[in-house]
Amino acid sequence: MYTNGYDSGRYKKQDGFINYEACREHALETSVKFDHAPWECGLRCRFDSSRQGFQCETMTRE
């Protein structure tokens, strides 16, 4: 969840979802709380120190 927009580089990360649909449902509900903030759901995410952020093998948003 990019609460300050994609360009800010700051985001709120939540993990532990069982599938994409569960992540999407959570993201949509949370997005409304932050003035319809943009969001992404990813698979196999890890922290990349060179980019100072989480990078995922696949990222999806709608």
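Taken together, the values in this text are just the output of simple stated rules run on the coordinates, not laboratory data. Bear in mind the structure is a predicted one, so any value in this text is a computation, not a measurement. Glycine also receives a Cβ, built like all others from the backbone with ideal geometry; neighbour counts cover every protein chain displayed.
Distance from a point 7 Å along Cα→Cβ of T60 to each backbone N in region 1-18: keep the residues under 17 Å and list them by number.
1, 15-18
For a quick protection proxy, order the peptides 13-21, 32-40 by their average other-Cβ count within 10 Å, most packed first.
By packing density, highest mean first, the sequence is 32-40, 13-21.
Can you check how the C-alpha radius of gyration of the chain compares to 2.2 N^0.38 Å, as a plain ratio?
Numbers: Rg = 11.3 Å, N = 62, 2.2 N^0.38 = 10.6 Å.
Relative to the rule-of-thumb radius for its length, the chain sits at 1.08.
Along Cα→Cβ, 7 Å out, is where each label goes; now give me the distance between the ones at N4 and V32 in nm to one decimal.
Distance between label points: 2.6 nm.
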